[in-house]
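Have a look at the structure below before the remarks.
The values are calculated or read from the model by the stated rules, or taken from the named source; none is laboratory data. Quick caveat, the model's predicted, so the values are computed rather than measured. With ideal geometry, Cβ positions are generated from the backbone for all residues, glycine too; neighbour counts draw on all protein chains shown. Side chains included, ligands, DNA and RNA excluded: accessible areas come from the protein's heavy atoms. Shrake-Rupley method; radii C 1.70, N 1.55, O 1.52, S 1.80 Å.
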Amino acid sequence: MQENKSPLTISQALKLYTGTGFAGTVLGLAAYEVLFYLGAFVCMTLMIMLGEGILYPEAVSNIAETPAGDCVMVFAPTLINIIVLLSQYTKDKPGGKLFRTVKGGFGTFVNYRTGVYICELLSMLLFGAAALLLDITGMAKIHGGLSAVIALVVSNIAAIGVITFILPVKNEFVLGAGSVITMFAITCSCTILLPMLSDNLIPHLVTGIAGAVLAAVSSKVYFTHYRKNRWDS
Amino acid sequence: MENAVEIKDLTKKYKDFTLDVSAVIPKGFSTALIGANGAGKTTLIDILCGVSARTSGDAVYFGSMTDTDDDGLRNRIGYCSSANFFPLDWKLKTVAECMAIGFDNFDRARFAELCAKWKLGSPDEKKQKNMMKMSDGNRMRAALAAVLARDTDLLVLDEPASSLDPLARDQLCEMFREYLTERDGERSILFSTHNIADMEFATDYAIFMANGRVIEQGFVEDLKEKYILVHGDAEDGNRAKPLMMSYSANSTSYEGIALTENSANLEAVGAITERPTLQQLSVGILRKAEEDAGK
Amino acid sequence: MKIYQNSSEPIYKQIASQLRDEILAGKLKGGDALPSIRGLAQDLKISVITTMKAYEELASEGLVTSAQGKGYFVNAQDTRLLAEQHMRRVEENLSEAIRSAKIAGMSIDELRETLDALWALDAG
């Protein structure tokens, strides 16, 4: 049997599976994430304004005083990353059978999944930049500032790495609930804790490297398992 | 005669079901895979198209190709599943773009032409419905248009007719004949169905399946000579029954199929014998399989 | 070509008999190509195997020959063979006429008279 080779590039594979190319996916994901974040932030601000009877700028700085706002920031990209991660196009899903007959076969699937990882990372970077911009302009404040944004990005990588391990779970409810809980547990705690831990970015760096290694290992394990149990079934 | 596919002892084992098939798909013809729900038609088609893995056995395509993981073979087979061939958020435009990436021989102009013919709209239009909003029949048409827009040597269609209305089924038959005529004798079709009546005039070779096995196969005209349709008065039923392959009776009459070699004996006991239609033949053969399984 | 799809006569026989008529009547001459089996099936909206069976029947009667990969061609017809074929058809049709005559209660002389009259009419 050929080793996961595909004549299609990662971008082509991504386009084939999702109907959207590389740039479109990255920008689309980032846009969703930023809009989601803004929506949640406005909601929270309104709640505080009404609850405490204070005005807009005051409410925003209120949020910035505690890590609560950082949690809101975590929600948006985390949730969207999970949704994208969970589309595995198994045989019983619409399109699942078609994808088993296209050029490259399993290799194309591997390229598609790799594309998903890359898109998630790039869209996270874009989102992080946008969140920082909103923080600097004062539209939406982050308690932990730059440190929290970097923590969010690196912890997301780690969370994706961990969730890839549980992707083979067949029960969709268990898989869905499990990955949401895992993702939030990791990203929320990292985003809040890492900035508190130290003033420099060394813990972030460590988390990021650990996350990348984890993601590399888990995706390897995942592909082997998927090929054996889902693709060749 | 040459074969497009030769299937030798192809097996697939599940916990509660075993597929075990040896059959041929003759080159240049349209072959129907006929059987009840759960007979293994989809399993066989999926294995032949590389959608599912086999447990053991071989299938030889076009005389020499055996690896369903080979892009050369993938490009020559036009496969379409029975439902939801495309993700539900795809539009015709997405279909056109993705088919062009997934296969070497996709002709977008031909796809647009077929979409127009079946009144699905145009893949170049601004506003398009996605698959979710299409009716089952239109989803199937879109999938068929996409597969037919590829220049292939073998069409493998899983239940293409089941979601189509009578007019569309007629067009499907027409389309089969067009496909076969376009490259006279070089192209073949395999399609599955549990209702052969509408596809009778587009079927050249029939493979009957029951419980994961092939119970009969052959060219339709030969099968129509091998078997006869038998019916008669209920009174004579008991004398005719031992000579028949499948038999069912009510208070006024009985009917079933028998081997043609028994026709003189059957007529001697008062039976009427006729040349069967493919539909009648299918009912007889599948009923016999069901009776055998019940024993 | 006319095909009865619901007739008790198999479709391949209907096709074969119409082509046979055309060959015996000389409308299709030696060396003429028959329509391609798939093309004819498409035109008649029937299965390919049905037209193929019709052609095979004609081939077994020696009326046509299949040229590998090129389709079927009408054989040059032996005039003696042709005459024989026609003779057989005359016999068939006369037998049919005799059966009808018996049902109608006609005598052999009456039948002869009818034949003479019709012959004269055709010649006239």
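Compute the projected area of the convex hull of the Cα atoms of chain B, averaged over all viewing directions, and report it in nm² to one decimal place.
Numbers: hull surface 68.2 nm².
Its Cα hull, projected and averaged over all orientations, spans 17.0 nm².
Between chains B and C, what is the buried accessible area in Å², counting both sides, with a 1.4 Å probe and ligands, DNA and RNA left out, to the nearest 100?
1600
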Using θ = phi - 60° and Karplus 6.51 cos²θ - 1.76 cosθ + 1.60, couplings along the stretch B:128-143 (whole Hz; Gly, Pro as x) | 9, 7, 8, 4, 4, 8, 7, 6, 4, x, 6, 4, 5, 4, 4, 5
Shape descriptors of the stretch B:111-242 over alpha-carbon atoms, Rg and Dmax in angstrom, are 19.2, 69
With the 1.4 Å probe rolled over protein heavy atoms, chain C has an accessible area per residue in Å² of 65
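Over the stretch B:223-293, average the accessible area per residue using a 1.4 Å probe and give it in Å², no decimals. Walk me through the intermediate numbers first.
Details: 3590 Å² over 71 residues.
Per residue, the stretch B:223-293 has 51 Å² of solvent-accessible surface.
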Rg [Å, one decimal], Dmax [Å, integer] - the stretch C:79-120, C-alpha atoms = 12.4, 38
What's the carbon and sulfur percent of chain A's accessible surface, probe 1.4 angstrom, rounded to a whole number?
-> 74
What do you reckon, how do A:Phe165, A:Phe41, B:Phe62 stack up by accessible area (1.4 Å probe), largest on top?
-> A:Phe165, B:Phe62, A:Phe41
Protein-only accessible surface order, largest first, of B:Glu235, B:Glu216, C:Glu110 at 1.4 Å | B:Glu235, C:Glu110, B:Glu216
Please report Rg over Rh for the protein assembly as shown, where both radii come from the alpha carbon positions and Rh follows the Kirkwood definition.
-> 1.16
Round to a whole angstrom and tell me the spacing of the C-alpha centers of the stretch B:1-35 and the stretch A:73-87.
-> 44
Report the charge-dipole magnitude of the stretch A:153-233 in Debye, nearest 20, computed about the Cα centre from +1 at each Lys and Arg Cβ and -1 at each Asp and Glu Cβ.
-> 360
How big is the gap, in Å, between the Cα center of the stretch B:157-206 and the Cα center of the stretch B:75-138?
-> 19
Per the 1.4 Å probe, what fraction of the accessible area of the stretch B:241-295, in percent, lies on carbon and sulfur atoms?
-> 50
If you find the alpha carbon centre of the stretch C:63-115 and of the stretch B:246-262, how far apart are they in angstrom?
-> 37
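Quick check on the stretch B:223-293: take the gyration tensor over C-alpha atoms, sort the square-rooted eigenvalues as a ≥ b ≥ c, and tell me if it's rounded (a/c under 1.5), prolate or oblate. Walk me through the numbers before you get to the answer.
Working: a/c = 1.65, a/b = 1.19, b/c = 1.38.
Since a/c reaches 1.5 but b/c is at least a/b, the shape of the stretch B:223-293 is classed as oblate.
Relative contact order for the stretch B:3-211 using alpha-carbon pairs under 8 Å, separation at least 6, rounded to a whole percent? Could the numbers behind the result be given before it?
Working: 376 pairs, mean separation 69.1, N = 209.
Relative contact order here is 33 percent.
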Work out the charge dipole of the stretch A:18-142 with +1 on the Cβ of Lys and Arg and -1 on the Cβ of Asp and Glu about the Cα centre, then indicate which of A:Leu134, A:Gln88, A:Leu46 is farthest towards its positive end.
-> A:Gln88
Between C:Ala117 and C:Val90, what is the spin-label point distance in nm, taking each point 7 Å from the Cα along the Cα→C-beta axis?
-> 2.2
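Work out the P(r) tail for chain C: percent of alpha carbon pairs separated by more than 17 Å, whole number.
Details: 4990 of 7626 pairs.
More than 17 Å apart: 65 percent of the Cα pairs in chain C.
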Name the residues of the stretch A:191-233 whose accessible area falls by at least 40 Å² when all protein chains are present instead of the chain alone, probe 1.4 Å?
-> A:Ser233
The stretch C:102-109 - phi-based ³J(HN,Hα) in whole Hz, Karplus 6.51/-1.76/1.60, Gly and Pro as x = 5, 4, 7, x, 7, 8, 5, 5
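Work out how much length B:Gln279 to B:Asp89 would gain on full extension: take 0.36 nm times their residue separation and subtract the Cα-Cα distance, in nm to one decimal.
Working: separation 190, 0.36 × 190 = 68.40 nm, distance 3.78 nm.
Result for the pair: 64.6 nm of gain on full extension.
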Long-range amide H contacts for B:Tyr79: which residues qualify at under 5 Å (H placed 1.01 Å from N, peptide plane, sequence gap of 5 or more or a different chain)?
-> B:Val156
Comparing the chain by itself with all protein chains present, which residues of the stretch A:98-130 are at least 40 Å² less accessible (probe 1.4 Å)?
-> A:Leu98, A:Arg100, A:Thr101, A:Lys103
For C:Leu24, what charge total do you get from the other residues with a beta carbon under 12 Å from its beta carbon, if Lys and Arg give +1 and Asp and Glu give -1?
-> 0
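Rounded to the nearest whole Å², what accessible area per residue is found for the stretch B:3-211 with the 1.4 Å probe? Show your work: numbers first, answer last.
Numbers: 7790 Å² over 209 residues.
Accessible area per residue, the stretch B:3-211: 37 Å².
Counting Lys and Arg as +1 and Asp and Glu as -1, each charge on the Cβ, what is the dipole of the protein assembly as shown about the Cα centre in debye, to the nearest 20?
On the way: 64 positive and 77 negative charges, 353 e Å.
Dipole of the protein assembly as shown, to the nearest 20 debye: 1700 debye.
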For the stretch A:43-118, just the Cα set please: Rg and Dmax, both in angstrom.
-> 21.3, 61
Under a 1.4 Å probe, counting only protein heavy atoms, C:Lys45 has an accessible area in Å², nearest 10, of 90
For the stretch C:79-121, which whole percent of the accessible surface, found with a 1.4 angstrom probe, sits on carbon and sulfur atoms?
-> 63
Comparing B:Ser192, B:Ser82, B:Ser64, which has the greatest mean-square fluctuation in the GNM of chain B with Cα pairs linked when under 10 Å apart?
-> B:Ser64
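Rounded to the nearest 5, what % of DSSP beta bridges with both residues in chain B are antiparallel? Write out the running numbers ahead of the final one.
On the way: 36 of 55 bridges.
In chain B, DSSP labels about 65 percent of beta bridges as antiparallel.
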Can you work out ³J(HN,Hα) from phi for every residue in the stretch B:269-277, in order, using Karplus 6.51 cos²θ - 1.76 cosθ + 1.60 and θ = phi - 60°, giving whole Hz and x for Gly and Pro?
-> 9, x, 7, 9, 10, 9, 6, x, 7
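Quick check: from the Cα gyration tensor, does the stretch A:94-193 come out rounded (a/c under 1.5), prolate or oblate? All intermediate terms of the calculation are to be shown ahead of the outcome.
Values: a/c = 3.05, a/b = 1.81, b/c = 1.68.
Verdict is prolate for the stretch A:94-193.
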Using a probe radius of 1.4 Å on protein heavy atoms only, what is the accessible area buried between chains B and A, both sides summed, to the nearest 100 Å²?
-> 2200
With the full set of protein chains present, the residues of the stretch B:53-77 whose 1.4 Å probe accessible area falls by 20 Å² or more relative to the chain alone are B:Ala53, B:Asp69, B:Asp71, B:Arg74
Counting only protein heavy atoms and leaving out ligands, DNA and RNA, the solvent-accessible surface of A:Leu205 at a 1.4 Å probe, in Å² to the nearest 10, equals 110
Protein chains only, probe 1.4 Å: how do B:Glu255, B:Glu178 rank by accessible area, largest first?
-> B:Glu255, B:Glu178
Per-residue SASA entry for B:Asp70, accessible area with 1.4 Å probe, Å² rounded to 10 | 60
Helix B:278-294 versus the longest principal axis of chain B: what is the Cα-based angle in degrees, 0 to 90, to the nearest 10?
-> 70
For helix C:11-24, what angle does its Cα long axis make with the longest principal axis of chain C, in degrees from 0 to 90 and rounded to 10?
-> 70
Of A:Glu120, A:Glu65, A:Glu33, which is the most mobile in a GNM of chain A whose springs link Cα atoms less than 10 angstrom apart?
-> A:Glu65
So, with points 7 Å from each Cα along the Cβ direction, the A:Leu35-B:Ile272 label distance in nm works out to 6.9
